[in-house]
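The values are calculated or read from the model by the stated rules, or taken from the named source; none is laboratory data. No experiment lies behind these values; they were computed from the predicted model shown. Positions of Cβ are backbone-derived with ideal geometry, glycine not excepted, and every protein chain shown enters the neighbour counts. Accessible surface areas use protein heavy atoms only, side chains included; no ligands, DNA or RNA. Shrake-Rupley method; radii C 1.70, N 1.55, O 1.52, S 1.80 Å.
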Amino acid sequence: MSEQDYLKDLSEIKNLMNRSSRFISLSGWAGIMAGMYAIIGGIVAYYIVANSAREYLILDGYVFKIIMLDLFLIAFFSVVTAVFITTRRAKKDGVKIWDDTTKRLLINFLIPLITGGIYIIIILGQQKYGQTGALMLIFYGLSLVSAAKYSIGHIRYLGFIEITLGLICAIFPGYGFWLWMLGFGVMHIVYGAIMLIAERKD
């Protein structure tokens with residue numbers, strides 16, 4: 001066996017090991033659709049608040065409940081779409097959708113996300129609204145970074161971007177809505193498009 005063949009075999013073994021320890025069925029379309037849902041939901045929320053009597057939120061107000069429903073629907077449709085697209089791609093590639101790697105990915109993703117969600121609910125209960133957008137971006141970014149070691153597509157970098165936007169949002173809370181739209185909307189679309197390009201190259 002020549003040195004070139006030996007290196008080729010090592011590369012193939014490395015790729016196989018990498019695929020077996022990482023969730024490989026993520027699709028760029030899931031990111032693009034999540035970004036579109038976020039932008040549509042953000043526009044709806046902006047319109048509702050801008051045309052309300054107060055033009056700001058209070059915890060026990062009707063507008064606040066509508067905004068919470070809006071956020072829930074964004075998350076719901078994003079998750080359902082991601083599950084549908086991921087399941088379809090996994091079947092096409094002949095890959096198991098639910099295994100130990102998937103479990104580890106979900107656990108690492110959900111721990112920071114749920115922690116952040118509980119903390120946000122706590123500060124909302126204290127009527128501290130100013131940092132909500134920043135916290136959503138930061139904890140979501142931390143979730144992506146935490147789950148990145150069990151996935152592909154370099155979602156770690158998207159996580160870093162979300163964390164950075166969250167920190168900027170914390171410094172300039174007056175731009176929270178636009179930074180939220182940038183992080184959850186535009187960046188998801190951009191990242192999804194980059195993933196699609198990479199998928200086509202493969």
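When the stretch 118-167 is filtered for residues that are part of a helix (DSSP H, G or I) and farther than 20 Å from H188 by Cα, the ones remaining, listed by number, are I118, Y119, I120, I121, I122, I123, L124, G125. Among the residues of the stretch 167-192, those identified as of a type in the set (A, V, I, L, M) and under 20 Å from G41 (Cα atoms) are L179, M181, L182, V186, M187, I189, V190. In the stretch 69-112, the qualifying residues are those that are open to solvent by less than 40 Å² (accessible area, probe 1.4 Å) and under 17 Å from G28 (Cα atoms), and the one that is modelled with the lowest pLDDT is A90. Scanning for something at pLDDT 80 or above and surrounded by 11 or more Cβ atoms within 10 Å (Cβ to Cβ), does the stretch 9-28 turn up at least one residue? Looking for residues that are at pLDDT 80 or above and surrounded by 11 or more Cβ atoms within 10 Å (Cβ to Cβ), one finds at least one in the stretch 9-28, hence yes.
Any residue at all in the stretch 182-194 that is closer than 17 Å to L71 by Cα, in a helix (DSSP H, G or I), of a type in the set (A, V, I, L, M) and modelled with pLDDT of 90 or more? For the stretch 182-194, residues closer than 17 Å to L71 by Cα, in a helix (DSSP H, G or I), of a type in the set (A, V, I, L, M) and modelled with pLDDT of 90 or more: present. Scanning the stretch 169-189 for residues that are touching a helix residue (DSSP H, G or I) at 6+ places or on another chain (Cβ under 8 Å) and either hydroxyl-bearing (S, T, Y) or free of Cβ contacts under 8 Å to residues at least 12 places away in the same chain (or both) yields a total of 2.
Okay, residues lined up against (1) open to solvent by 50 Å² or more (accessible area, probe 1.4 Å); (2) basic (K, R); (3) under 17 Å from the mean Cα position of the chain (by Cα):
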| position | (1), (2), (3) |
| --- | --- |
| L124 | no, no, no |
| G133 | no, no, yes |
| A147 | no, no, yes |
| H154 | yes, no, yes |
| F160 | yes, no, yes |
| G166 | no, no, yes |
| G174 | yes, no, no |
| W180 | no, no, yes |
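Of all residues in the stretch 190-202, those satisfying the criterion of being open to solvent by less than 50 Å² (accessible area, probe 1.4 Å) and either among the aromatic types (F, W, Y) or closer than 17 Å to G141 by Cα (or both) are Y191, G192. As for the stretch 167-174, it holds at least one residue that is aromatic (F, W, Y) and more than 23 Å from I32 (Cα to Cα). Condition test on Y140, is it open to solvent by 60 Å² or more (accessible area, probe 1.4 Å), on the phi < 0 side of the Ramachandran plot and under 13 Å from the mean Cα position of the chain (by Cα)? Answer is no for this residue. Could you check the stretch 29-47 and list, in sequence order, the residues that are under 30 Å from D100 (Cβ atoms) and either free of Cβ contacts under 8 Å to residues at least 24 places away in the same chain or open to solvent by 60 Å² or more (accessible area, probe 1.4 Å) (or both)? If the condition is that a residue be under 30 Å from D100 (Cβ atoms) and either free of Cβ contacts under 8 Å to residues at least 24 places away in the same chain or open to solvent by 60 Å² or more (accessible area, probe 1.4 Å) (or both), then W29 is the only one that fits.
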